[in-house]
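Data first, discussion second: the structure below is written as structure tokens.
Every number here is computed from the coordinates shown, using simple stated rules; none is lab data. In this text, all values refer to a predicted model and were calculated from it rather than measured experimentally. So basically every Cβ, Gly included, is an ideal-geometry build from the backbone, and we count neighbours across all protein chains shown.
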């Protein structure tokens with residue numbers, strides 16, 4: 001029962017509900033770390049370690065990129081999703097600390113990454129997203145698409161309940177974000193071309209109804225159609 005309650009609490013936090021970033025120290029709120037403490041730790045495999053370190057930086061990449069593009073183009077979708085990405089990267093950090101791993105984001109400024117591959121990706125997407133508002137939205141969609149596929153791989157490879165719980169909730173969040181970017185692109189009469197998942201699945205996610213209010217009531221973006 002205690003473990004079930006902890007899992008439910010963790011799910012609510014990652015969905016952006018009760019355990020929001022602002023609620024960490026609020027009276028009567030149970031921090032996410034306490035919820036995790038009720039879930040037994042497992043033994044990390046090499047794949048588990050790789051998955052945690054990758055997702056820590058990949059979620060940071062999304063947060064840093066969206067803040068930059070949101071500031072440049074004034075698209076509220078980026079600002080709102082960046083707030084969610086802050087919670088995502090923080091949730092992965094809790095797991096990194098729990099298992100005593102070295103945080104690859106420690107001491108890194110916005111736009112800086114330990115992984116050369118992610119650094120290259122960030123630089124390329126920032127350049128792409130700086131061309132126009134539509135290109136920025138395409139860059140955001142690509143990040144979420146990649147995030148979903150990497151999370152699915154991490155979920156398949158781990159047997160640890162705490163990792164599966166966190167990764168599964170992050171995947172759901174990324175699907176919501178991909179949908180938000182897709183709906184914004186639709187307002188520009190642009191169809192996103194999938195890079196990492198099937199076009200059919202990408203279209204299905206992007207054409208789904210709004211979840212969590214991301215991307216609602218958005219106007220046409222500055223920078224025009226590309």
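Take the Cβ atoms of residue 168 and residue 115, set R0 to 22 Å, and the FRET efficiency comes out at 0.45.
Arranged by the count of other C-beta atoms within 10 angstrom, fewest first, what order do 60, 109, 159, 138 take?
109, 159, 138, 60
Judged by the mean number of other Cβ atoms found within 10 Å, the most tightly packed of the peptides 43-55, 195-207 leads the ranking 43-55, 195-207.
Expressed per residue, the C-alpha convex hull volume of region 46-206 stands at 101 Å³. With q set to 0.28, 0.30 Å⁻¹, the log10 of I(q)/I(0) for region 64-110, from the Debye formula over equal scatterers at the Cα positions, is -0.97, -1.03. The simple Förster model, with R0 at 22 Å and r as the Cβ-Cβ distance, assigns residue 131 and residue 195 a FRET efficiency of 0.80. The ranking of 142, 178 by Cβ neighbour count inside 10 Å, starting from the fewest, reads 142, 178.
Residue order for 67, 56, 191, fewest other beta carbons within 10 angstrom first, comes to 191, 67, 56. Averaging the sequence gap over all C-alpha pairs within less than 8 Å and six or more residues apart, then dividing by the number of residues, gives region 56-149 a relative contact order of 34 percent. Taken as Cα centroids, region 136-155 and region 75-115 sit 15 Å apart, rounded to the nearest whole angstrom.
Return the FRET efficiency for the residue pair residue 203, residue 76: r is the Cβ-Cβ distance, R0 is 25 Å, and the value is rounded to the nearest 0.05.
Given R0 = 25 Å and the Cβ-Cβ separation, E is 0.60.
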